[in-house]
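The values are calculated or read from the model by the stated rules, or taken from the named source; none is laboratory data. Everything quoted here is computed from the prediction, not taken from an experiment. Virtual Cβ from ideal backbone geometry, glycine too; neighbours counted across all protein chains shown.
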Amino acid sequence: MLTDESLSPRQLAEYIYQSYQLQDFSRFDEIMTEDCSWIIPGNKELLPWAGEFVHMEMLDFLNIIKEHLDFEYFTPLRYHVDGETVIAEVEEKFTVINTGQTVVNKLVAIFETKQGKLKKYTEYSDTGLLERAVNA
């Protein structure tokens with residue numbers, strides 16, 4: 001079982017991305033604060049997964065992603081740590097299921113942690129690129 005102090009901020013970010021790659025979210029409740037928010041900017045009318053998801057609502061976000069995107073890879077390239085904040089640079093390649101468009105997307109994610117748990121996740125990517133691929 002994970003404890004509040006079991007993971008450093010970087011280890012927590014790595015754990016979250018490894019879980020994402022393995023599609024294993026069984027321990028996410030243990031690694032998030034009760035008011036944890038997941039923020040994915042974008043126009044929800046054009047990007048169905050855009051929005052804010054609180055705590056375990058993030059599973060809704062992940063299910064929406066699975067309905068729309070078929071991933072070839074999702075690769076964290078670098079992590080930058082400043083206290084309890086981690087910035088991750090990521091490259092991902094996927095095919096949009098409905099349009100067949102293949103996308104190589106680079107994104108930056110900010111993990112804000114508190115006492116070994118995720119407090120807030122915010123992801124920034126090229127929403128224009130994504131909107132064009134999803135709505136081609």
When only residues in the range 51-98 that are in contact (Cβ under 8 Å) with a residue 40 or more places away in the chain and among the β-branched types (V, I, T) count, which is farthest from F28 (Cα to Cα)?
V96
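Here is a list: V134, V108, V96, V103. Which entry is in contact with a Phe, Trp or Tyr (Cβ under 8 Å, 6 or more places away or on another chain) and closer than 15 Å to I65 by Cβ? Show your work before the answer.
Values: V134 fails: in contact with a Phe, Trp or Tyr (Cβ under 8 Å, 6 or more places away or on another chain); V108 fails: closer than 15 Å to I65 by Cβ; V96 fails: in contact with a Phe, Trp or Tyr (Cβ under 8 Å, 6 or more places away or on another chain).
Step by step, each of V134, V108, V96, V103 is checked, and only V103 is in contact with a Phe, Trp or Tyr (Cβ under 8 Å, 6 or more places away or on another chain) and closer than 15 Å to I65 by Cβ.
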Sole residue being in contact with a strand residue (DSSP E or B) (Cβ under 8 Å, 6 or more places away or on another chain), modelled with pLDDT of 95 or more, surrounded by fewer than 16 Cβ atoms within 10 Å (Cβ to Cβ) and of a type in the set (A, V, I, L, M, F, W, C), chosen from V90, V104, V96
V104
Filtered residues of the range 40-60 (kept if farther than 21 Å from L7 by Cβ and buried (at least 16 other Cβ atoms within 10 Å of the Cβ)):
I40, G42, L47, W49, A50, G51, F53
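Among the residues of the range 25-50, count how many are assigned to a loop (DSSP other than H, G, I, E, B) and out of contact with any Phe, Trp or Tyr (no Cβ under 7 Å at 6 or more places or on another chain).
Of the residues in the range 25-50, the ones assigned to a loop (DSSP other than H, G, I, E, B) are 25-27, 41-50.
Subsequent filtering for residues that are out of contact with any Phe, Trp or Tyr (no Cβ under 7 Å at 6 or more places or on another chain) retains 25-27, 42-48, 50.
Matching residues across the range 25-50 total 11.
Condition check ((1) β-branched (V, I, T); (2) farther than 16 Å from Q18 by Cα) across all residues:
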site: F71; (1), (2): no, no
site: V86; (1), (2): yes, no
site: V96; (1), (2): yes, yes
site: G100; (1), (2): no, yes
site: T113; (1), (2): yes, yes
site: L129; (1), (2): no, yes
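Only one of E45, E84 is modelled with pLDDT under 95 and over 15 Å from the mean Cα position of the chain (by Cα); which? If you could, list the steps in order and put the result at the bottom.
Values: E84 fails: modelled with pLDDT under 95.
Every option except E45 fails the conditions.
Just wondering, is there one or more residues in the range 17-33 that are of a type in the set (A, V, I, L, M, F, W, C) and surrounded by fewer than 13 Cβ atoms within 10 Å (Cβ to Cβ)?
Quick first cut of the range 17-33, residues of a type in the set (A, V, I, L, M, F, W, C) only: 22, 25, 28, 31-32.
Filter once more, so that each one left must be surrounded by fewer than 13 Cβ atoms within 10 Å (Cβ to Cβ): 22.
Within the range 17-33 (the criterion being of a type in the set (A, V, I, L, M, F, W, C) and surrounded by fewer than 13 Cβ atoms within 10 Å (Cβ to Cβ)), the answer is yes, since at least one residue qualifies.
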Just wondering, is there one or more residues in the range 86-94 that are within 30 Å of S6 (Cβ to Cβ) and not in a strand (DSSP E or B)?
no
Does A136 count as assigned to a loop (DSSP other than H, G, I, E, B) and either among the aliphatic types (A, V, I, L, M) or crowded, with 16+ Cβ neighbours inside 10 Å (or both)?
yes
